[in-house]
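The values are calculated or read from the model by the stated rules, or taken from the named source; none is laboratory data. Note that this is a predicted model, so its numbers are computed, not measured. Cβ sites come from the backbone with ideal geometry, for glycine too, and all protein chains shown count toward neighbours. Keep in mind that these areas ignore ligands, DNA and RNA; they rest on the heavy atoms of the full protein, side chains included. Shrake-Rupley method; radii C 1.70, N 1.55, O 1.52, S 1.80 Å.
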Amino acid sequence: MDTVRLTPPRTLQLDIESPGDKSIGHRSLILNAAAKGEATVTRFPRGADTLASLAIVRALGVRVTELERAADGYSSTLRVRSNGVQGLKEPDRILNARNSGTTMRLMLGLLAGAPLTAVMNGDSSLRGRPMGRVVEPLRAMGAQIWGRNDGALAPLTVHGSALNGFTYEMPVASAQLKSCLLIAGLSASGKTTVIEPAPSRDHTERMVFAMGARIRSEGNTIEIERSEMTATDVIVPGDISSAAPWLVAGLVHPDARITVRAVGINPTRTGILDVLREMGANMTISNEQEVGGEPIADITVESSDLRPVEVGGAIIPRLIDELPVLTVAAMHANGVSRFRDAAELRVKETDRIATTSGELEKMGARVEEMPDGMVIYGGERLGGTVVRSHGDHRIVMTLAVAAMAARGETVIQGADAVHVSYPAFFEQLGAGAT
Ligand code: S3P
């Protein structure tokens, strides 16, 4: 599936579940690995990223058995058994986080206080992403970590050691950095306090609390104390980041109605819903429930006339992974939209400011790159052409959504990158397009 060819369908009608949340999927394994006992993880998403976390916890001696696999093959029910951080086994091979920044950064927090030496590596994208942001504060807690560029780049070697709690003001609003330090704080002496510049996703806080950790949040400050945790069942909600392409496709296609069911609507993740509402989206949220400590709902969208929008400030961490696909929504709004304060996009799986604007420009979009965002001149009708993913799953889906309302055929090269988070994406798209 290296190359995918798409032409816009006459109608787009879909009623689907998005795959299990990738962030929660990683945490269901890494945090149960840090806990003692046995737990069941339901609807674990089998994307390449979460499977990288699965292979790593297994290499650390955590017993993970697959109880059941969904008929479509893309999610599993898992049984996870661990003896806690101090019971982890020294791995006899290099731990490969592949394309997954979450795996590498959260695992570093776990390994820093574990009784072992381990080497972590990843693919060429991950080897170029900034790890100094976690390595420096971990070292301040007493961690022993070595790597290229004084530990700023993988491969990284960690020699687990006794850690001390500390207070840390985070320079970026990053849930991966926050989670790394909170996980290290679970085995550090005393208290670890992290202060975020703006709220980022809080799945780690919710899950370690459910597992019995001593954790408190107030405003943007989170405190955690050394804790022994008990393994706890996790039901993984649908991923709002994977629902996002459907939401935008349903809004920009001229004859569409799409429902995505059981989507996680944790308020630290719903920035995209706020922005789409502001753009005048025809969107309804129904069937709100709470499952395993996380809120979920069904979201329905229909073809809409969209207004331009300004996106910046504290909302950015609440929609960081959705900005590429939101660019497509902005292209369909009559007027100028601006995304700012999003320099973090430049250090994702690709430089997503450059890859999003560069590829969409090939389709006729007028997008101006800014150091920390994009200016999008909406209202131009896009035309299909040859575009490429740069190996980035979110770019593949963004281009597929753009193709849904473009003239002619769009050819997406490197479309197999979609496996990182959403292996069923093109099958579902094919089923809904007529
Ligand atoms: C994630 C946090 C975000 C997000 C990533 C997943 C997580 O990254 O972009 O896809 O699971 O904690 P940052 O925390 O680096 O912003």
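Here G383, G364 are screened, and the one residue that is over 19 Å from the mean Cα position of the chain (by Cα), of a type in the set (G, A, S) and open to solvent by 30 Å² or more (accessible area, probe 1.4 Å) is G364.
When you look at S28, is it buried (at least 24 other Cβ atoms within 10 Å of the Cβ) and under 30 Å from S189 (Cα atoms), yes or no?
Numbers: buried (at least 24 other Cβ atoms within 10 Å of the Cβ): yes; under 30 Å from S189 (Cα atoms): yes.
So S28 fits the description; yes.
Against the condition at pLDDT below 95 and crowded, with 16+ Cβ neighbours inside 10 Å, how does G432 come out, does it pass? When the stated conditions are applied, G432 passes them. Taking region 25-54 as the range and being touching a strand residue (DSSP E or B) at 6+ places or on another chain (Cβ under 7 Å) and either among the aliphatic types (A, V, I, L, M) or without any contact (Cβ under 8 Å) to a residue 24 or more places away in the chain (or both) as the test, the residues that pass are L29, A33, A35, A39, V41, A52, L54. In region 35-53, what residues are open to solvent by 10 Å² or more (accessible area, probe 1.4 Å) and assigned to a helix (DSSP H, G or I)? Of everything in region 35-53, those that are open to solvent by 10 Å² or more (accessible area, probe 1.4 Å) and assigned to a helix (DSSP H, G or I) turn out to be A48, L51. For region 306-390, the strands (runs of 3 or more DSSP E) that sit wholly inside it and include 2 or more residues that are within 26 Å of N282 (Cβ to Cβ) are 336-339, 366-370, 373-377.
Is there a residue being open to solvent by 60 Å² or more (accessible area, probe 1.4 Å) and in contact (Cβ under 8 Å) with a residue 24 or more places away in the chain anywhere in region 273-281? Yes; the residues of region 273-281 include at least one that is open to solvent by 60 Å² or more (accessible area, probe 1.4 Å) and in contact (Cβ under 8 Å) with a residue 24 or more places away in the chain. Taken together, the residues in region 179-203 that are within 16 Å of the ligand (Cβ to nearest atom), surrounded by fewer than 17 Cβ atoms within 10 Å (Cβ to Cβ) and assigned to a strand (DSSP E or B) amount to 1.
The condition (being within 16 Å of the ligand (Cβ to nearest atom), open to solvent by 20 Å² or more (accessible area, probe 1.4 Å) and not acidic (D, E)) is satisfied by just one residue among R261, R318: R318.
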